[in-house]
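S.K.: Before I ask anything, let me first share the structure, which is written out below as structure tokens.
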Amino acid sequence: MELIENPTCDLCQQPLSDLEVLRGLFILKPCIICRTCKKRFEPITGMKCRQCGRDVAEVDDNQCLDCRVWMKRTNGQIKHVSLYHYNEIMQHYFKYYKFQGGYHLSQLFCSEIQRTIRKMNVEVVVPIPLSDVKYSARGFNQVEAWLGTDYQQLLKRVHQTDSQSKRTKWERINSSNPFSVSTHQPYPKECRICLVDDIYTTGTTIRQAYEVIRQAGYRNICSLSLVHA
Ligand SMILES: [Zn+2]
Ligand SMILES: [Zn+2]
């Protein structure tokens, strides 16, 4: 029985099995990637850095080396959770999702991200905003697409920086803060805020976001990213 004409996996382009297609119809959530690709995503498990959430082989005060360096430079602690490693399949995912307009691929991680946020027991969910240039190039904010409708645009970009990936680590760290907090803030200062980003790389972006939100008077901040690079 041919259910849909040659459905293929959106990541590896191999044909999906009839069982995968059938299961998708049954749970009313069309299957978009095959089981083989799905299994290749690698969750972060084991001992984690208490600040950035990466898994660490050796821990000193439960912090990774990067976070200890950050502490010396900025003194601002973060409380970040990352769900997956940035392995090959994840890089593949982001290639299709962010750079080839694969908006529908947001559904792969929607439920898991929203479930994780619910468990974090936060009141205000704040996605990291994109620059206008990136937003118009991409047509959507990849973090907002995971969050559904339950988020607040508390952060704004004040100046547009070049693509972070073109900079060196220290250029990124030394760059001035690209964020500001929206003047419209109907939230009590003690509310619990969760910042959400796609990839934690050097930690610069997330720490800059913490910094402006702290400066606005909020104290109860945590953060989440799908991936820790
Ligand atoms: Zn596949
Ligand atoms: Zn760390």
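Just so it is clear, none of the values below were taken in a lab; they were calculated from the coordinates. The structure presented is a predicted model; accordingly, all values stated were derived computationally and were not measured. Every residue, glycine among them, receives a Cβ derived from its backbone with ideal geometry; neighbour counts consider all protein chains shown.
S.K.: GNM on the chain, C-alpha springs below 10 Å: top fluctuator among LEU22, LEU11, LEU154?
M.R.: LEU22
S.K.: Checking the a/c ratio against 1.5 first, then a/b against b/c, what shape does the Cα gyration tensor give for segment 1-40?
M.R.: It comes out oblate by the Cα gyration axes.
S.K.: What residue among GLU144, GLU88, GLU42 shows peak mean-square fluctuation when the chain is described by a Gaussian network model with Cα springs under 10 Å?
M.R.: GLU88
S.K.: Need the full-extension length gain, GLN77 to TYR96, defined as separation in residues times 0.36 nm minus the C-alpha distance. One decimal, nm. List each step's numbers first, then the result.
M.R.: On the way: separation 19, 0.36 × 19 = 6.84 nm, distance 3.33 nm.
Gain in length upon complete extension: 3.5 nm.
S.K.: Give the long-range amide H neighbours of ASP10: residues separated by 5 or more places, or on another chain, with amide H under 5 Å away, using H modelled in the peptide plane at 1.01 Å from N.
M.R.: Distant-sequence amide H within range of ASP10: ILE33, CYS34.
S.K.: Working from Cα positions, state the angle (0 to 90°, nearest 10) between the long axis of helix 204-215 and the longest principal axis of the chain.
M.R.: Its long axis makes an angle of about 50 degrees.
S.K.: Another one. Have a look at TYR93, VAL69, PHE140 and report the one farthest towards the positive end of the charge dipole of segment 43-228, computed about the Cα centre with Cβ charges (Lys/Arg +1, Asp/Glu -1).
M.R.: Sorting the options by dipole projection puts first VAL69.
S.K.: Suppose a student asked you for the relative contact order of the chain, using Cα pairs under 8 Å spaced at least 6 residues apart; what percent would you report?
M.R.: Taking the mean separation of contacting Cα pairs over the length of the chain, I get 19 percent.
S.K.: Can I ask one more? For segment 43-228, give the magnitude of the charge dipole about the Cα centre (Cβ charges: +1 Lys/Arg, -1 Asp/Glu; no others), in debye to the nearest 20.
M.R.: Values: 25 positive and 17 negative charges, 60 e Å.
So the dipole magnitude of segment 43-228 works out to roughly 280 debye.
S.K.: Add -39500 (n - 2.57) for each DSSP H run of 4 or more in the chain, then divide by its residues: what number comes out at 222 nm, to the nearest 500 deg cm²/dmol?
M.R.: Result for the chain, helices only: -9000 deg cm²/dmol.
S.K.: Let me ask something else. Scattering from the C-alpha atoms of the chain alone, worked out with Debye: what is log10 I(q)/I(0) at q = 0.07, 0.11, 0.13, 0.18 1/Å?
M.R.: So the normalised log intensities work out to -0.25, -0.61, -0.83, -1.46.
S.K.: Determine the principal axes of the Cα atoms in segment 1-133, then give the extent along each, sorted from largest to smallest and rounded to whole angstroms.
M.R.: Here the spans come out as 62, 36, 30 Å, largest first.
S.K.: How big is the antiparallel share of DSSP beta bridges in the chain, given as a percent to the nearest 5?
M.R.: Numbers: 7 of 24 bridges.
Here the antiparallel bridges make up roughly 30 percent for the chain.
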